[in-house]
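Let me begin by presenting the structure, written as structure tokens, before commenting on it.
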Amino acid sequence: RKTLEAEIKIELRLDEKSPEYQISISAEKNEPGIEVSMFEHFFAQLFRFSGFGGTISGVGKDFPHHVLEDVAISAGKALKEALGDKTGTQRTASHMMPMEGVLVTIAVDLSGRPWCTLDFRIKSTPALGMLRHVLHGIASHGFFDLFVKVEWSGDNAIKDDHHVIETVAKTLGRVLRDATRVVGTDIPSTKGTLS
């Protein structure tokens with residue numbers, strides 16, 4: 001994907017036995033509250049917990065916001081292309097994961113219908129606003145239904161953007177790993193298509 005604001009290259013491999021990945025994202029300008037390195041870590045965790053292999057290379061000519069939006073769009077498109085017609089996939093999955101007081105619940109349906117429901121029961125910040133954009137971009141351009149709920153649990157929760165972003169990445173990775181797993185030989189739909 002190449003725009004006036006960014007140039008993105010993504011390779012995504014879903015079925016490697018020993019997946020390797022490399023993530024490199026940069027922006028020429030700084031933006032208060034949005035660190036590119038935090039979202040490099042997001043995508044690294046997503047690859048790690050999904051078991052996917054591949055690379056993400058994103059170079060922004062402007063603010064981090066713009067390059068991260070384009071990375072998310074490209075990641076969604078790459079996932080859609082890699083899944084093909086989804087023959088044999090499990091199609092749906094859900095998972096919950098805690099991290100030091102953060103509790104994340106994510107469910108997906110690789111339905112071919114883009115939808116993104118985000119229920120963040122925590123205080124919004126620029127980084128978490130960016131996380132919302134990234135999740136919308138992946139789901140909308142990956143053409144799947146994504147539900148994400150984030151909440152603090154417990155009086156001693158460490159209320160940190162990094163923990164939220166990392167836990168969302170790990171949980172989404174685990175859910176995508178399960179949903180993309182091949183468990184049969186048919187397209188998992190009574191319609192015979194998931195497009």
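The values are calculated or read from the model by the stated rules, or taken from the named source; none is laboratory data. No experiment lies behind these values; they were computed from the predicted model shown. All Cβ positions, even for glycine, are placed from backbone atoms using ideal geometry, and neighbour counts span all protein chains on display. We work out accessible area using only protein heavy atoms, side chains counted, and drop any ligands, DNA or RNA first. Shrake-Rupley method; radii C 1.70, N 1.55, O 1.52, S 1.80 Å.
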Original post:
What whole number of Å gives the distance from the Cα centroid of region 119-195 to the Cα centroid of region 40-66?
Top reply: 15 Å
Original post:
For the chain, what is the accessible area per residue in Å² when the probe is 1.4 Å?
Top reply: 50 Å²
Original post:
What is the distance, in nm, between label points placed 7 Å from the Cα along the Cα-to-Cβ direction at residue 132 and at residue 185?
Top reply: 4.7 nm
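Multiply the residue separation of residue 9 and residue 160 by 0.36 nm, subtract the distance between their alpha-carbon atoms, and state the gained length in nm to one decimal.
Fully extending the segment from residue 9 to residue 160 adds 51.3 nm.
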**OP:** Please give the calculated 222 nm ellipticity per residue for the chain, where each DSSP H segment of at least 4 residues contributes -39500 (n - 2.57) and the sum is spread over every residue; nearest 500 deg cm²/dmol?
**Re:** -12500 deg cm²/dmol
